[in-house]
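**Q** Input: one structure, supplied below.
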Protein chains: 2
Amino acid sequence: MQAHVPDPLSQTFAALADPTRRAMLARLSKGQASVSDLAQPFLKDMSLPAATKHLKVLERAGLVTKTREAQWRPCTLNGAPLKDAAAWMEQYREFWEQSLDRLGEYLETLTARSARTATRKAKGKGRRHARKR
Amino acid sequence: MQAHVPDPLSQTFAALADPTRRAMLARLSKGQASVSDLAQPFLKDMSLPAATKHLKVLERAGLVTKTREAQWRPCTLNGAPLKDAAAWMEQYREFWEQSLDRLGEYLETLTARSARTATRKAKGKGRRHARKR
C-alpha cells in the first residue's frame, strides 16, 4: 500500500486481477491480434483509451508483447510471467486440496447423518405400524 | 478500472498482488497465528493499521478466516479461493511451457554455434600448426 515499483510477481497478479485484462489474454491465447481488435469487444462498456490502458497494464507486466511486423504491430501473449505465478500458487496446493477434502468429509457426514435419520424414521414408522396392529 | 465490486477471481489475484500479503499467507501456511503475530514482522516498515489493512484484504478475498476459539481468534489460511486462480492459470500452461521451449531451443542454438566455432578454431589451429611444421 506504499508507493513503490512492484516486484514482478505482484505485477503479474495485479495484471490478472481484472476481468477485461483476463478476457484480452484469453483472446490472445487464440492468436495474435491488433490493439483495435483486442479493444473492440469492450468498447460498449468503456472508452478506447480505457481499453488501451488495460492493454498497457498487460504489457508492463510482460504478459503481452508487441511484435514488429511489416504492416502492423500485432499483440502476442507471452506466458513466461505466468510460470512464476503458477509456481507460487503450487506451494499452496495442499491447502486448496485440503479444503476440498474437508468439503468431501462434510458431505460424507451429511450423507451419513441423513441415512441415519432415514433409518430411524423407517424404524419409527415400523414401530408405530407394529403398535397400530 | 471502473468502480465496481470485483468478481471473486479478480479479488483473489488482487489479494496476491502484494509481497506483504503473500508473506502473511506464507506464515499462515505454517499454522494459525494471531493478528499481532502476523503483523509483527512488518512493523519496522509499516504501521499496525497498515498491516491490519493488508490482513483485511486477505480476509475479504476469503484467503484468511478468523477462527472462533475460547481465548483468542487465530487467523487460518483458507486455500479454497486459490483453486480457481490455479485453474485459470492452468489454461495458459502451454504458453509458459512454450516460452521455456523457446528458451531451450535458443540455448541449443547457442551451444551448437559455440561447438561449431570451437571446432573451426581447433581446425584453424591445426592448419596453422601444420603450416608451421
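**Q** Just checking, does the range B:102-109 include any residue being at pLDDT 75 or above and at the interface with chain A (Cβ under 10 Å from one of its Cβ atoms)?
**A** Kept after step one, since they are at pLDDT 75 or above, are these residues of the range B:102-109: none.
No, that holds for no residue.
**Q** Another question, if that's okay. Of all residues in the range A:1-28, which are among the polar types (S, T, N, Q) and modelled with pLDDT of 95 or more?
**A** Keep residues of the range A:1-28 that are among the polar types (S, T, N, Q), which gives A:2, A:10-12, A:20.
Correct list: A:SER10, A:GLN11, A:THR12, A:THR20.
**Q** Just checking: which of the helices (runs of 4 or more DSSP H) contained wholly in the range A:1-99 hold 1 or more residues that are of a type outside the set (Ser, Thr, Tyr) and away from chain B (no Cβ under 13 Å)? Spell out the reasoning first.
**A** On the way: elements: A:8-16, A:19-28, A:35-39, A:48-60, A:80-90.
Of the helices (runs of 4 or more DSSP H) lying wholly inside the range A:1-99, those with at least 1 residues that are of a type outside the set (Ser, Thr, Tyr) and away from chain B (no Cβ under 13 Å) span A:35-39, A:48-60.
**Q** Which one of A:ALA80, A:ALA115, A:ALA51 is closer than 30 Å to B:MET24 by Cα and modelled with pLDDT of 70 or more? Even if it seems obvious, please write down each step before you answer.
**A** Values: A:ALA115 fails: closer than 30 Å to B:MET24 by Cα; A:ALA51 fails: closer than 30 Å to B:MET24 by Cα.
One residue alone meets the criteria, A:ALA80.
**Q** Let me confirm something: among B:LYS30, B:LYS44, B:LYS66, which residue is surrounded by 14 or more Cβ atoms within 10 Å (Cβ to Cβ) and among the basic types (Lys, Arg)?
**A** Working: B:LYS30 fails: surrounded by 14 or more Cβ atoms within 10 Å (Cβ to Cβ); B:LYS44 fails: surrounded by 14 or more Cβ atoms within 10 Å (Cβ to Cβ).
Just a single option satisfies the conditions, and that option is B:LYS66.
**Q** Still on this structure, I have one more. Output the number of the condition that B:ALA86 fails; it satisfies all remaining conditions of (1) open to solvent by 10 Å² or more (accessible area, probe 1.4 Å); (2) over 18 Å from the mean Cα position of the chain (by Cα).
**A** Tallying (1) open to solvent by 10 Å² or more (accessible area, probe 1.4 Å); (2) over 18 Å from the mean Cα position of the chain (by Cα), B:ALA86 fails exactly one: (2).
**Q** Next question, about the same structure. Contact list please: Cβ distance under 7 Å, first residue in the range A:30-50 and farther than 17 Å from A:PRO19 by Cβ, second residue small (Gly, Ala, Ser) and in a helix (DSSP H, G or I), pairs at least six apart or on different chains.
**A** Sorted first by the residue in the range A:30-50, then by its partner, the pairs are A:LEU48/A:ALA39.
The values are calculated or read from the model by the stated rules, or taken from the named source; none is laboratory data. Keep in mind the model is a prediction, meaning the values are calculated, not measured. As a convention, Cβ positions derive from the backbone with ideal geometry for all residues, glycine included, and neighbour counts pool all protein chains shown. When the accessible area is computed, the model is the full protein with side chains, heavy atoms only, and any ligands, DNA or RNA have been set aside. Shrake-Rupley method; radii C 1.70, N 1.55, O 1.52, S 1.80 Å.
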